[in-house]
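I have placed the structure first, in the form of structure tokens, so that the comments after it can refer back to it.
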Amino acid sequence: MLDINFVREHPDQVRDNEIKKNHNPERVDSVLKLDAQWRDGKKNVEKLKQTRNIVSEEINKAKKAKDEKTAQKKIKEMQSVASDIKKLEDQVEDSLHKRDIELGKLSNLMHHSVPKGKDDSENVELRKVGKISEFNFEIKNHVELCESLGIANFDKASDVSGSGFYYLQGELGLLNQALIQFAIQFMYKQGYHYLEPPLMVRKEILGAAIDVGEWEQTIYSIGSEDLALIGTSEHAILGYHNQDVFDAKDLPRKYFSYSMCFRKEIGAHGINEKGLWRTHQFNKVEQFIFCKPEESDKMFDELLKNTEEILKKLKLPYRVLEICSGDLSAWKHKSYDIEVYRPTTKDYGEIVSLSNCTDYQARKLGIKYVNKDNKREVVHTLNNTALATSRIMVAILEHYQTKKGTVKVPKVLQPFMCGITEIGKSLV
């Protein structure tokens, strides 16, 4: 969430930010009204406590003077004051709770470079990279390839688990693991620290990572328990440093992780097609950085470079999009999507989301560092997909298919494929 002090001191800037995101700027006024109620209530509590202290002294004086009548009168007076304090403290706590709920609805302040736009149709293409494959035969989509080669089974998965799931079989399963190992070794060589996270996190942690509005659309809750399945390991990595205070010399702290991820995918997209592109369960290698505020722009560029290098090594054509204000999630300061080209759809599809969240996520979890003035300051957090295997496999299957119906394995993955250089028909 935003720093309440910043909202108090720069309300017009926060209002302008909400307007640029096509939100109602009156949210800011609602926050400030509740904040004023909270502060006034706190002052009144302090006044009553001062009165209680004065009455307590008067009781002591009366008792010392053996003036029992005055003492009893003052005791009743103090009991009344104590009751008023309790009622007012409850009201103050309620005001704070309501204020923080409204504060949590305000979006992170966007970077000045974020283009204004109403929705994803107005995201800005920054560049295209890589050569688009040309074919002299009729190509198959990834589902047709999977089924003709017997390397995945979507119908069996649907019977067992419902739509949005899959069985990987034989060499496609090996390709999935090869992608994971390739990404892990790549990130390790970049000097990032490997962290394998739990697949469930407490809802308090998740509430700091994403907007509560995302819950219904994406998150699987675990019954009546205070747990949810992660939609990305970003959530668990953020929680790893809950309430921690870093020494400045220990920043930036760079992590990468492998995990399975789980998403409902309810809403505009849904699970509307058979295959690997949009699923409820998938494998992902994630990048995550905790850093000082002055480092976050540089770290954003570094995370982008890592992912672009991975795609270049896989020889997959892609484009980089800057997310416009109307499509930018509430917790993001700046965000790029990387989309891979699919020859079967003749269009680009998202495979990576890069985000600078500044101090918006970390504030809620109290993740700070000691700055050069020996004061505690909230850290900045950034995250980016290194590689999500299911969508990358779609791109590999479609780009690397051959006229005879097989699929060549990208050279960079061959060391992880048990000697397999070309995916043929599975025996399963």
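Brief remarks on what is shown
- Candidates are the residues of the range 331-369 that are among the β-branched types (Val, Ile, Thr) and part of a loop (DSSP other than H, G, I, E, B); the one that is farthest from residue 391 (Cα to Cα) is 367.
- The residues of the range 409-428 that are farther than 16 Å from residue 169 by Cβ and part of a strand (DSSP E or B) amount to a single one, 422.
- Single unsatisfied condition, residue 129 versus (1) among the aliphatic types (A, V, I, L, M); (2) modelled with pLDDT of 95 or more; (3) under 30 Å from residue 1 (Cα atoms): (3)
- In this entry, residue 119 passes the filter for residues that are touching a Gly at 6+ places or on another chain (Cβ under 6 Å) and of a type in the set (D, E, K, R).
- One residue stands out in the range 23-32 among those that are part of a helix (DSSP H, G or I) and without any contact (Cβ under 8 Å) to a residue 40 or more places away in the chain: the one that is farthest from residue 91 (Cα to Cα), namely 26.
- Scanning the range 202-256 for residues that are touching a His at 6+ places or on another chain (Cβ under 6 Å) and either in a helix (DSSP H, G or I) or among the hydrophobic types (A, V, I, L, M, F, W, C) (or both) returns 206, 209.
- So residue 171, is it out of contact with any helix residue (DSSP H, G or I) (no Cβ under 7 Å at 6 or more places or on another chain), modelled with pLDDT of 95 or more and in a helix (DSSP H, G or I): yes
- Residue pairs meeting the criteria (Cβ under 6 Å; at least 6 apart or on separate chains; first part of a strand (DSSP E or B), in the range 381-408; second crowded, with 22+ Cβ neighbours inside 10 Å and of a type in the set (Asp, Glu)): 383/234
- When residues in the range 48-91 are screened for being under 30 Å from residue 38 (Cβ atoms), of a type in the set (Val, Ile, Thr) and without any contact (Cβ under 8 Å) to a residue 40 or more places away in the chain, 4 of them pass.
- Taking residues in the range 92-111 that are not assigned by TED's automatic domain parsing to the domain that holds residue 44, and partners anywhere that are among the acidic types (Asp, Glu) and surrounded by 18 or more Cβ atoms within 10 Å (Cβ to Cβ), not one pair has Cβ atoms closer than 6 Å while being at least 6 places apart or on different chains.
- All positions within the range 174-201 that are part of a helix (DSSP H, G or I) and small (Gly, Ala, Ser): 178, 183
- Restricting 300, 282 to those that are among the aromatic types (Phe, Trp, Tyr) and either over 19 Å from residue 265 (Cβ atoms) or without any contact (Cβ under 8 Å) to a residue 40 or more places away in the chain (or both) reduces the list to 300.
- Among residues of the range 82-120, those that are surrounded by fewer than 14 Cβ atoms within 10 Å (Cβ to Cβ) and part of a loop (DSSP other than H, G, I, E, B), counted: 5
- Being farther than 25 Å from residue 89 by Cβ and part of a helix (DSSP H, G or I) is a description that does not apply to residue 35.
- Residue 143 satisfies every condition listed in (1) in a helix (DSSP H, G or I); (2) within 28 Å of the chain's Cα centre (by Cα) except (2).
The values are calculated or read from the model by the stated rules, or taken from the named source; none is laboratory data. Just so you know, these numbers come straight off a predicted model, no measurement behind them. Neighbour counts are summed over all protein chains in view; Cβ atoms, including those assigned to glycine, are modelled from backbone coordinates with ideal geometry.
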